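One structure is given here, and the rest of the page talks about it.
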Amino acid sequence: MTRGDLASVLEIADRIHPDLPEPPDVFANRLALWPAGALVLDGDRTLLGYAIGHPIRFPNLPALGCVLDRLCEDSDTFYVHDVALMPEARGRSRAGEALNMLHLGAPHLKRTCLVAVYGTTVFWARYGFEATANAVPREKLASYGDDATLMVREW
Ligand SMILES: CC(C)(COP(=O)(O)OP(=O)(O)OC[C@H]1O[C@@H](n2cnc3c(N)ncnc32)[C@H](O)[C@@H]1OP(=O)(O)O)[C@@H](O)C(=O)NCCC(=O)NCCS
C-alpha cells in the first residue's frame, strides 16, 4: 500500500464494513507506522482488497477507529487489524496469502492475533487461529461489534 492507494482502500472499507466504519486517518496512520503491514491486492484497473496489521504488546489491542501515536516498543504479537476483499477476489486463499505476507514483515513475532467479526471464527480457525476467552475484557472488544471474538495463532 502507498499513500496513493488510500482513496481506493477507503472505498473498499466503506463497501465492506458499513457497520464498522473507521475514520480515514486510521488507514494513513497504520501505513505510516508499519508500512510492511499495509498490503493491497491489485486488480486490472482497481484495487480488489487490502490487509492491515502491526505489532502490539498482547493483549493491548487498539480500539476500533483509534489513531495511534506510535507502536509499542516491546511488542510480542502481530495484530491483524483488517483483511477485506471485494467479492470477486474471494475464494482463492488470498486471506492466507495476506497472513503470510504480514508475517514476513515481522518474522520475529511468533504469535498473531485478530478480532474475528461477521461470524468468521470458523473461517480463521482454518488458518490456525483459536478463540481466546478472557484475554481482553469484553468491553474492550465492544467497539468491534457484538460478535467480536479475539483469536490467536502461534507460528
Ligand atoms: C473473510 C475473507 C477475508 C476471506 O478471504 P478469502 O481469501 O476469500 O478466503 P479463502 O479463499 O481462504 O476462503 C474462502 C472460504 O471462506 C469462507 N468465508 C468467507 N467469509 C466467511 C464468513 N464470514 N464466515 C464463514 N466463512 C466465511 C467462504 O465461504 C469460503 O468457504 P469455502 O472454501 O468452503 O467455499 C473475505 O471473504 C472478506 O474479505 N470478507 C469480508 C470482510 C471480512 O469478513 N473480513 C474479515 C473480518 S475478521
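The number of residues in the stretch 47-72 being more than 16 Å from the chain's Cα centre (by Cα), more than 24 Å from ASN134 (Cα to Cα) and away from the ligand (no atom under 15 Å from the Cβ) comes to 2.
Checking each residue in the stretch 21-38 for being in a loop (DSSP other than H, G, I, E, B) and under 13 Å from the mean Cα position of the chain (by Cα) picks out GLU22, TRP34. For the stretch 46-56, what are the residues that are out of contact with any His (no Cβ under 9 Å at 6 or more places or on another chain), buried (at least 18 other Cβ atoms within 10 Å of the Cβ) and within 22 Å of GLY4 (Cα to Cα)? Within the stretch 46-56, LEU47, LEU48, GLY49, TYR50 meet the criteria.
A quick yes/no check of all residues on (1) at pLDDT 95 or above; (2) in a loop (DSSP other than H, G, I, E, B); (3) loosely packed, with under 13 Cβ neighbours inside 10 Å:
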| position | (1), (2), (3) |
| --- | --- |
| SER8 | yes, no, no |
| ALA13 | yes, no, no |
| VAL40 | yes, no, no |
| ASP44 | no, yes, yes |
| PHE58 | yes, yes, no |
| ASP69 | yes, yes, yes |
| SER75 | yes, yes, no |
| ASN100 | yes, no, yes |
| ALA106 | yes, yes, no |
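For VAL117, are the conditions met, namely being β-branched (Val, Ile, Thr), within 15 Å of the chain's Cα centre (by Cα) and surrounded by 17 or more Cβ atoms within 10 Å (Cβ to Cβ)? For VAL117, the condition - β-branched (Val, Ile, Thr), within 15 Å of the chain's Cα centre (by Cα) and surrounded by 17 or more Cβ atoms within 10 Å (Cβ to Cβ) - is met. Looking only at residues in the stretch 121-147 that are near the ligand (Cβ under 9 Å from one of its atoms) and within 25 Å of TRP34 (Cα to Cα), the one that is farthest from the chain's Cα centre (by Cα) is TYR127. State the number of residues belonging to the stretch 73-114 that are in contact (Cβ under 8 Å) with a residue 40 or more places away in the chain, of a type in the set (D, E, K, R) and within 8 Å of the ligand (Cβ to nearest atom). So the answer is 2. Of the set (1) free of Cβ contacts under 8 Å to residues at least 40 places away in the same chain; (2) in contact with a helix residue (DSSP H, G or I) (Cβ under 9 Å, 6 or more places away or on another chain); (3) polar (S, T, N, Q), all apply to THR120 but (2).
The values are calculated or read from the model by the stated rules, or taken from the named source; none is laboratory data. Just so it is clear, the structure is predicted and the values come from calculations on it, not from any experiment. Note that each Cβ is placed from the backbone with ideal geometry, even for glycine, and that neighbours are counted across all protein chains shown.
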